[in-house]
C-alpha cells in the first residue's frame, strides 16, 4: 500500500526526460494519425467528436488512437512516453506535468484558435447522485453527513474528478458563511463516510451503478449521460457549486501534425462545442452561452478555481503532503 500524499498532482517540475524518450514521442504519429489522451469521462464524447471530424474536409482519411483513464495517471503516462498529440485532462495541474516536462508549450492557452476560451474546452459542475426515489432525502451538501450515508467518490491521487469533488465539498461550507475550520471538519466528515475510492470518475460511476454505496459525487456530464442511457439513478443539484474547467492542449508532436492541429481546433469550434453540449458538458464557446443557460441548472453560488486562489494556491493547500484533503484521506485510512 502507498501512503496518500497526493504529491504527484502538485504540478511541480519533473526531471528532464531522456532524449530517447522524447524521440519516441515525436515519432509516434504520421500526419494522418492523431493520438488522443484524456481523462476517463470524455471517452464517449471523443467517439462522437472523431466521427464528426472525419466527415469534414480536414478529417478525410484521419485515423485516431485513444487512451482514456484517470486524469493524473494519463498525464504521467504521457510524460513517461505514451504517444499523444492532443491531450484533454480534468484539471490544469495534470497538464502542468506535461508543461514542466517540455511536452506542451507554456503558451498553450493563448494559441489563436483557442485564445477566447483560454484552452478550456469544456466546463461542468459537481452533482450528488443518489438511488431512485432519493431514500435518504439528500438535498444539499450538508446532507452528505446524515446517518447511513455511504459515499463513492474517486481517488484524489489519480483522479481530477475527485479533486473537483472535494474542493466543492469544502467551498460549500464557506459559501454558507461558515469558516475554514468548519469547512475542514466537514471535508473530514465526508471522507469518513466514503466507502469506495475508485481510480477514476468513470469507475466511480460504474461502482455506484453496480451497487456500491448510496451516494456518488460525480461530474454533472457523467451523471446526466448515465441517466440518459437509462441507468437507475437520481441527480441532486446542490445550491453551492464549483465550476469544473477542463483543459485541452496540443503537445509538441501535435503542433507539427496538421491533422492534430485541425482536430484540436475542431474541439473548440461551434460544431465541436455543439457535440460537447450533446454529451452534457457545458460548452465554453460564448456563442452557445444562451443555449447553456436553458440547458443546465444554475447554482445559487458558482465559484471558480480563481476565486479559491488559483491552482498555485489550491494544490499545496488541499493536495500537498500536509494539505487539507491529504490529511483527511490519511486520517480516514485511504492509503491505497
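Conditions (1) outside the structural domain of residue 77 (by TED's automatic domain parsing); (2) modelled with pLDDT of 50 or more; (3) assigned to a helix (DSSP H, G or I); (4) surrounded by 17 or more Cβ atoms within 10 Å (Cβ to Cβ), marked per residue:
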| residue | (1), (2), (3), (4) |
| --- | --- |
| 12 | no, no, no, no |
| 21 | no, no, yes, no |
| 25 | no, no, yes, yes |
| 29 | no, no, no, yes |
| 34 | no, yes, no, yes |
| 48 | no, yes, yes, no |
| 51 | no, yes, yes, no |
| 57 | no, yes, no, no |
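The numbered conditions (1) surrounded by fewer than 23 Cβ atoms within 10 Å (Cβ to Cβ); (2) within 29 Å of residue 326 (Cβ to Cβ) are all true for residue 155 except (1). Among the residues making up region 210-224, those that are within 18 Å of residue 44 (Cα to Cα) and touching a helix residue (DSSP H, G or I) at 6+ places or on another chain (Cβ under 7 Å) are 218, 219, 221, 222. Taking residue 134, is it modelled with pLDDT of 95 or more, more than 22 Å from residue 171 (Cα to Cα), in the same structural domain as residue 216 (by TED's automatic domain parsing) and not in a strand (DSSP E or B)? Yes. So for region 264-286 (the condition being more than 21 Å from residue 221 (Cβ to Cβ) and part of a helix (DSSP H, G or I)), does at least one residue qualify? Within region 264-286, one or more residues are more than 21 Å from residue 221 (Cβ to Cβ) and part of a helix (DSSP H, G or I). Among 275, 325, which is the only one that is more than 30 Å from residue 50 (Cα to Cα), buried (at least 18 other Cβ atoms within 10 Å of the Cβ) and either in contact with a helix residue (DSSP H, G or I) (Cβ under 6 Å, 6 or more places away or on another chain) or in the same structural domain as residue 176 (by TED's automatic domain parsing) (or both)? The match here is 325. Restricting attention to region 159-188, the residues being crowded, with 24+ Cβ neighbours inside 10 Å and assigned to a loop (DSSP other than H, G, I, E, B) number 1.
Listed here are the residues, each with its yes/no results for (1) closer than 20 Å to residue 194 by Cα; (2) in the same structural domain as residue 324 (by TED's automatic domain parsing); (3) more than 18 Å from the chain's Cα centre (by Cα).
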{"residue": "66", "(1), (2), (3)": "no, no, no"}
{"residue": "77", "(1), (2), (3)": "no, no, no"}
{"residue": "91", "(1), (2), (3)": "no, no, no"}
{"residue": "99", "(1), (2), (3)": "no, no, no"}
{"residue": "102", "(1), (2), (3)": "no, no, yes"}
{"residue": "147", "(1), (2), (3)": "yes, yes, yes"}
{"residue": "158", "(1), (2), (3)": "yes, yes, no"}
{"residue": "162", "(1), (2), (3)": "yes, yes, no"}
{"residue": "175", "(1), (2), (3)": "no, yes, yes"}
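If you filter region 278-298 down to residues that are crowded, with 17+ Cβ neighbours inside 10 Å and more than 25 Å from residue 110 (Cα to Cα), you find that the one that is farthest from the chain's Cα centre (by Cα) is 296. For region 299-321, indicate whether the set of residues that are in a helix (DSSP H, G or I), crowded, with 17+ Cβ neighbours inside 10 Å and touching a strand residue (DSSP E or B) at 6+ places or on another chain (Cβ under 9 Å) is non-empty. No, because not a single residue in region 299-321 is in a helix (DSSP H, G or I), crowded, with 17+ Cβ neighbours inside 10 Å and touching a strand residue (DSSP E or B) at 6+ places or on another chain (Cβ under 9 Å). Looking across 145, 129, one residue alone is touching a strand residue (DSSP E or B) at 6+ places or on another chain (Cβ under 6 Å) and either touching a residue at least 12 places away in the same chain (Cβ under 8 Å) or buried (at least 21 other Cβ atoms within 10 Å of the Cβ) (or both). It is 129.
Of the residues screened, residue 336 is not one that is touching a strand residue (DSSP E or B) at 6+ places or on another chain (Cβ under 7 Å), modelled with pLDDT under 95 and either in a helix (DSSP H, G or I) or more than 22 Å from residue 186 (Cα to Cα) (or both).
Only one of the numbered conditions (1) in contact (Cβ under 8 Å) with a residue 12 or more places away in the chain; (2) surrounded by fewer than 24 Cβ atoms within 10 Å (Cβ to Cβ) is violated by residue 84, and that is (2).
The values are calculated or read from the model by the stated rules, or taken from the named source; none is laboratory data. Since this is a predicted model, take the numbers as computed values, not measurements. Note: ideal-geometry Cβ built from the backbone for every residue, glycine included; neighbour counts use all protein chains shown.
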